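Undergrad: My questions all concern the structure below.
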Amino acid sequence: MARLTLDEAIEFLQAIEAGAVTLRTPVSPQRIFAGDVTYAASNGWTLVVYVDANEWDYVARVVSDDGRTLSREDAAILINRYTASDEVAWARYRIPGYRRRRCEGCGRDIKQSRESRPRSTRCRGCGGVHDLEEPAAEG
Ligand SMILES: [Zn+2]
């Protein structure tokens, strides 16, 4: 079977950034914390992103709707060539940022709990159980 090309993979990632393709996950990425997050994309493709300490790290795997994947060489190139900004990581991938936890209702930071993988990802105001992080003191 033909391989997925690097251009196709990058075009796909750019469509996600633009919001033309949307992503769904069975489990909130924040609950994974470190490891592979698998997304089902609205165009039928599958995407796996490696997350480290709640930070977007790299694209681990792209599978097109007809089952094609990148060659090993192209997959390695993609890791170096493509990264999501913090804004895109949260807005499109629901990955909150390095060691952050964010409410999936309002996007504000929620207080860290001892639990490394809390069951809820919403603040009290959005129907969850978490307190919001106090705003950082001025000065
Ligand atoms: Zn909230």
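Laboratory data are not the source of any read-out in this text; all were calculated from the coordinates shown. Just so you know, these numbers come straight off a predicted model, no measurement behind them. Backbone-built Cβ (ideal geometry, glycine too); neighbour counts: all protein chains shown.
Undergrad: Which residues make up the longest stretch of the chain that has no GluC sites (Glu not before Pro) in a DSSP loop with at most 10 other Cβ atoms within 10 Å? Working shown, then result.
TA: Numbers: sites that count: Glu115, Glu138.
Between the exposed loop sites, the longest stretch runs 1-114.
Undergrad: If I fit a long axis through the Cα atoms of helix 6-18 and take the longest principal axis of the Cα atoms of the chain, what angle between them do I get, 0 to 90°, rounded to 10?
TA: Once rounded, the angle reads 30 degrees.
Undergrad: Further, regarding this structure: For Val21, list long-range residues whose amide hydrogen, built 1.01 Å from N in the peptide plane, is under 5 Å from its own amide hydrogen.
TA: HN-HN under 5 Å from Val21: Ile16.
Undergrad: List the cysteines in the chain whose Cβ has no other cysteine Cβ under 4.7 Å from it.
TA: Cys106, Cys126
Undergrad: Moving on. Could you give me the ³J(HN,Hα) list for region 78-86, computed from phi with Karplus coefficients 6.51, -1.76, 1.60 and θ = phi - 60°, whole Hz, x at Gly and Pro?
TA: For region 78-86, the Karplus curve yields 4, 4, 7, 8, 10, 9, 8, 5, 4 Hz.
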